[in-house]
Amino acid sequence: MKKFLLILLSVLLLFCSCASAASLPYMTVVDSGAFLHLYGILSAESYPEVHISPYTPAEVLSGKHPLWDIAFPLPSGAFVTNFSFNDVTAFSSDDSQSYIYYVRKDFSYDSLKKEAASKSDIVLDDPSGAAAIIETNSIFADAILPLEDMDGYVLYLRISFRNLNNVSRSERAKVMKQAILAEVARIQSSMRISQAPSFWSKGMYQGAILRNPSLDKNMSVKLEIPEFTLYDEDGTAVKASMVISSIFSGKVSGYVDFGDGRYMEVAIDISTSNAAVSQKEKKPDTVTEMELADGNTYDVYAQVSREKTTAIDASLFLHKDAGGPMGLLSSSTYFSLGLHCSGFGWKTRENALLSLNQLLSHLQILDAETEEDLDRELTAVQIILGDEAPVETAEEDAGDGKGDTWTCINGHTGNTGDFCSECGMPRMD
């Protein structure tokens, strides 16, 4: 009976964990429809709080520094245009003010005071170390807040007042002083500083939905980030998960930490340029056209150091806009992804391609005729969890001439395409 109850409890826990994973949100870039935010903004549900660290991801993942997390809520109604490991940019709901938050080292009250045009522009000089200035000859107000237990570091805040260009200097000073002091007080009352076991976004999101409205309003890229299979330098399969560390419009960056000082940087982008395109223009013989796991032909560029592949980048041409008269200022749009290693390198390019194909199996490019169609597609798109692959129909199987399934050399069965849907291993006929 006890054994049966243990089994039942295990099943219930598994069910709850799967249900929890399915209910996690996507970090989603949306089109604001505003000229000032051509590149898209993060939905309020995606990023409700500021999270920044004084150190770079490389410094933390290599073990050089601990992971500090400095967190506090966004201003009420504000939305984020971009965030990274170290800084966040946000805008007020009425678009009248913008906010930048980041951590600075060895920047004191004296340093801030030097940036003030006059003593009257110093509006806060607190014994705690907090200080603030307003720049009445421009539209900026700046402040620093000391960070407890982090000697030499301060939180730096800048507010830009985009709606004060045409008001008197005295009125501008009044509004700026009130706003910067209120923001300092708000952050002081809510800021949390702690050493964290992992980056704040780990386990918080099911994936990301990226859009770059400045290039294509009707296309997005959907990324699933459950635990999936990547490969180390020998091609050995390793279960790992990606942590989102940066988003700006159509670009997401993240890290896969192997937990032993080795890690891999992941970059996915919708843009007009990328590493593979740049390399093809400079040294075309170093770039190879190659069909990858999604059936598309990519330009693939592998960087080699000391006889090991340390990075691999792939670029897929999407479309070219018409540009201005006679095609002037026309540009091409690309989808790109890259894997960059630290602490190790793949012994062969084939081992690097295994990881690249595995990442591709967790990506979907959604392209619709209208923005309304795209919104419906994003709502209805199939959710892929774990290493499950989308179910293909019998008609699709019959149409590619390879309706019979095959088993890869790692023992994964039921594959129908040219690459294993679970580990990315190419088909061996």
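The values are calculated or read from the model by the stated rules, or taken from the named source; none is laboratory data. Source: prediction; values computed, not measured. Ideal geometry is used to build each Cβ from the backbone, glycine not excepted, and the neighbour counts take in all protein chains shown.
So the values come out like this:
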{"quantity": "Residue among S241, S246 that is at pLDDT 85 or above and within 25 Å of L67 (Cβ to Cβ)", "calculated": "S246"}
{"quantity": "Single condition D31 does not satisfy, out of (1) acidic (D, E); (2) at pLDDT 90 or above; (3) crowded, with 16+ Cβ neighbours inside 10 Å", "calculated": "(2)"}
{"quantity": "Residue within the stretch 318-334 that is at pLDDT 90 or above, surrounded by fewer than 16 Cβ atoms within 10 Å (Cβ to Cβ) and assigned to a strand (DSSP E or B) present", "calculated": "no"}
{"quantity": "Selection from the stretch 218-257 of residues that are under 30 Å from S32 (Cα atoms) and either in the same structural domain as L61 (by TED's automatic domain parsing) or among the acidic types (D, E) (or both)", "calculated": "E224"}
{"quantity": "Filter result for the condition that a residue is farther than 30 Å from L366 by Cβ and part of a strand (DSSP E or B), over L155, L164", "calculated": "L155"}
{"quantity": "Condition broken by D106, with the remaining ones in (1) under 25 Å from E49 (Cα atoms); (2) of a type outside the set (S, T, Y); (3) touching a residue at least 40 places away in the same chain (Cβ under 8 Å) satisfied", "calculated": "(1)"}
{"quantity": "Failed item, numbered, when S241 is tested on (1) more than 12 Å from the chain's Cα centre (by Cα); (2) among the small types (G, A, S); (3) under 16 Å from L215 (Cα atoms)", "calculated": "(3)"}
{"quantity": "Cβ pairs under 9 Å, 6+ apart, first in the stretch 167-181 and buried (at least 18 other Cβ atoms within 10 Å of the Cβ), second among the acidic types (D, E) and not in a helix (DSSP H, G or I)", "calculated": "M176/E135; I180/D142"}
{"quantity": "Hits in the stretch 103-122 (condition: more than 35 Å from the chain's Cα centre (by Cα) and modelled with pLDDT of 85 or more)", "calculated": "D121, I122"}
{"quantity": "Of all residues making up the stretch 185-223, the number that are farther than 30 Å from A131 by Cα, touching an Asp or Glu at 6+ places or on another chain (Cβ under 6 Å) and part of a loop (DSSP other than H, G, I, E, B)", "calculated": "1"}
{"quantity": "Odd one out for Y156, checked against (1) in contact with a Phe, Trp or Tyr (Cβ under 7 Å, 6 or more places away or on another chain); (2) over 22 Å from I100 (Cβ atoms); (3) surrounded by fewer than 20 Cβ atoms within 10 Å (Cβ to Cβ)", "calculated": "(2)"}
{"quantity": "Residues within the stretch 131-156 that are free of Cβ contacts under 8 Å to residues at least 60 places away in the same chain and within 14 Å of Y109 (Cβ to Cβ), tallied", "calculated": "11"}
{"quantity": "Of the criteria (1) under 29 Å from P25 (Cβ atoms); (2) in contact (Cβ under 8 Å) with a residue 40 or more places away in the chain, which one V256 fails", "calculated": "(2)"}
{"quantity": "Of residues in the stretch 60-90 being aliphatic (A, V, I, L, M) and assigned to a loop (DSSP other than H, G, I, E, B), the one nearest to Y255 (Cα to Cα)", "calculated": "L67"}
{"quantity": "Failed criterion for S10 (all others in (1) of a type in the set (S, T, N, Q); (2) part of a helix (DSSP H, G or I); (3) at pLDDT 85 or above hold)", "calculated": "(3)"}
{"quantity": "Residue in the stretch 218-254 that is surrounded by the fewest Cβ atoms within 10 Å (Cβ to Cβ), counting only those that are of a type in the set (G, A, S) and closer than 18 Å to S336 by Cβ", "calculated": "S246"}
{"quantity": "Residues located in the stretch 200-227, provided they are touching a Ser or Thr at 6+ places or on another chain (Cβ under 7 Å) and more than 22 Å from A90 (Cα to Cα)", "calculated": "D216, N218, I225, P226, E227"}
{"quantity": "The stretch 192-217 residues that are surrounded by 15 or more Cβ atoms within 10 Å (Cβ to Cβ) and at pLDDT 80 or above, paired with ones that are of a type in the set (D, E) and not in a loop (DSSP other than H, G, I, E, B) (beta carbon under 6 Å, 6 or more apart)", "calculated": "A196/D69; W200/D69; G207/E224"}
{"quantity": "Number of the exception - E171 against (1) out of contact with any strand residue (DSSP E or B) (no Cβ under 7 Å at 6 or more places or on another chain); (2) at pLDDT below 85; (3) not in a strand (DSSP E or B)", "calculated": "(2)"}
